[in-house]
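I have placed the structure first, in the form of structure tokens, so that the comments after it can refer back to it.
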Amino acid sequence: MPLLDQSSLIGFGFNPLNRLSEKRSDDAFVDGKRREASARFVVFVGEVPVFGVQRGGHDALFTYEQVLALGQPSSDIFLGQGDNRSGNAVDDTGDNPDQVPGLGQAALFAAYFDKDHAAPIAARADLDMVDLRSVALRGLVAPALLGELGCAKALLSWHQHHRYCANCGQPSSVSSAGWRRDCAACNSQHFPRVDPVVIMLATDGDRCLLGRSPRFATGMYSALAGFLEPGETIEDAVRREILEESGIACSQVAYFASQPWPFPSSLMIGCFAKALNNDITVDTTELDDARWFTRQEVANMLAGEHADGLSAPKPFAIAYHLLKAFVAGDVF
Ligand SMILES: [Zn+2]
């Protein structure tokens, strides 16, 4: 088994491919991988993943031939390839359980189609389009494939929103197998961005602090969160966000786990923080409510058994795992 840390157990967090980053700028190598009979593709139309459903389940892997039968993709990205770093263990389907199911040691690409392909694909009985949040929520694919789909969607979103050079304003072009954009006018190179977000539980002994955003489902409370700013440490961002949103000052901050969050391309950095005071002042421009919850209440929320019907985020979100660790007493 590979090293499985806490982050790899959270939705979008298990990404076992060898990215072969040193080979991405070798166009001949990448094209050779694309044309190998064993190569597989995940497919997006707009920002929505496409699945084959001919065998009942949702199959995210397509051959190059199957991709071309859908039309000419607007672009593709080399995501990496399966390898045997973690040994040659296979499960009863013939797959290594530590890798992307059905991929073996083959190369994996993401192929992108414009939205005008949506209608013909939606009309086909053997294909299904499911937005990525629903894929995660419904558990439609194995954790390793969810990680790859999240990676592919984050890169897709970056390309869609960074088509012009930020230095000189001229159109830039995809290079390095989808992992860079180059500007021919000023020779700038641009790399995919990741936006760090801190998400945290302030704790006070047997209680933790949760808030309600106006966009949450009725009755749902979650960990407070906010973007990390330039010049700020993770610890300072955690303390600042908690203070701004709830009026609670904190001392010690402890890192818990992280989660790639491809909506559009964040990295959620999960932490715990020790509260110094009890009196909450809710920032009503950000939150509907914030309050303290006891361990028992949180346990009831995770189990869907809270007396007032209050609920917590689902298991594919890092907030769920922060709350689960708090219930287990596994904090500082
Ligand atoms: Zn430029």
Problem - Filter result for SER188 (open to solvent by less than 30 Å² (accessible area, probe 1.4 Å), within 16 Å of the ligand (Cβ to nearest atom) and either of a type in the set (Lys, Arg) or touching a residue at least 12 places away in the same chain (Cβ under 8 Å) (or both)) - result: yes
Exercise for the section: Kindly list, by first and then second residue, each pair from a residue in segment 3-22 that is within 22 Å of ARG138 (Cβ to Cβ) and of a type in the set (Phe, Trp, Tyr) to a residue that is part of a loop (DSSP other than H, G, I, E, B) and open to solvent by less than 50 Å² (accessible area, probe 1.4 Å), limited to pairs with Cβ atoms under 8 Å and residues at least 6 apart or on different chains. Expected result: PHE12/PRO262; PHE12/PHE316
Completion exercise
Exception for PRO214 within (1) in contact (Cβ under 8 Å) with a residue 60 or more places away in the chain; (2) open to solvent by less than 30 Å² (accessible area, probe 1.4 Å) falls at (2)
Handout entry: Only one of GLY178, GLY147 that is touching a helix residue (DSSP H, G or I) at 6+ places or on another chain (Cβ under 9 Å), at positive phi, open to solvent by less than 40 Å² (accessible area, probe 1.4 Å) and not acidic (Asp, Glu)
Key = GLY178
Completion exercise
Only unsatisfied item for TYR164, checking (1) surrounded by fewer than 17 Cβ atoms within 10 Å (Cβ to Cβ); (2) away from the ligand (no atom under 16 Å from the Cβ); (3) of a type in the set (Ser, Thr, Tyr), is (2)
Exercise for the section: Could you tell me which numbered condition PRO171 fails, if it satisfies all but one of (1) at pLDDT 95 or above; (2) more than 16 Å from the ligand (Cβ to nearest atom); (3) open to solvent by 70 Å² or more (accessible area, probe 1.4 Å)? Expected result: (2)
Practice task
Only residues that are aliphatic (A, V, I, L, M) and at pLDDT below 95: list them for segment 209-244, please.
Solution key: ALA217
Handout entry: Which numbered condition CYS250 misses (of (1) within 16 Å of the ligand (Cβ to nearest atom); (2) crowded, with 16+ Cβ neighbours inside 10 Å)
Key = (1)
Handout entry: Conditions (1) within 16 Å of the ligand (Cβ to nearest atom); (2) in contact with a Phe, Trp or Tyr (Cβ under 9 Å, 6 or more places away or on another chain); (3) open to solvent by 20 Å² or more (accessible area, probe 1.4 Å); number of the one not met by GLY139
Key = (1)
Handout entry: Wholly enclosed helices (runs of 4 or more DSSP H) of segment 233-332 bearing at least 2 residues touching a residue at least 12 places away in the same chain (Cβ under 8 Å) and among the small types (Gly, Ala, Ser)
Key = 234-246, 318-327
Problem - Output for segment 24-38, where each listed residue is in contact with a helix residue (DSSP H, G or I) (Cβ under 9 Å, 6 or more places away or on another chain), farther than 12 Å from ILE77 by Cα and open to solvent by less than 80 Å² (accessible area, probe 1.4 Å) - result: ASP26, PHE29, GLU36
Completion exercise
For segment 78-120 the number of residues that are touching a helix residue (DSSP H, G or I) at 6+ places or on another chain (Cβ under 7 Å) and modelled with pLDDT under 90 is 4
Fill in the blank from the handout: Checked pairs for segment 158-182, first closer than 12 Å to ARG193 by Cα and assigned to a loop (DSSP other than H, G, I, E, B), second within 11 Å of the ligand (Cβ to nearest atom) and not hydroxyl-bearing (Ser, Thr, Tyr), C-beta under 8 Å and 6 or more apart or across chains, list as HIS162/ARG181; HIS162/HIS190
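The values are calculated or read from the model by the stated rules, or taken from the named source; none is laboratory data. Treat the numbers as computed from the prediction; the structure is a model and nothing was measured. Reconstructed Cβ throughout: ideal geometry from the backbone, glycine too, with neighbour counts over all protein chains shown. The protein model used for the area step is the full one, side chains on, heavy atoms only, and it has no ligands, DNA or RNA in it. Shrake-Rupley method; radii C 1.70, N 1.55, O 1.52, S 1.80 Å.
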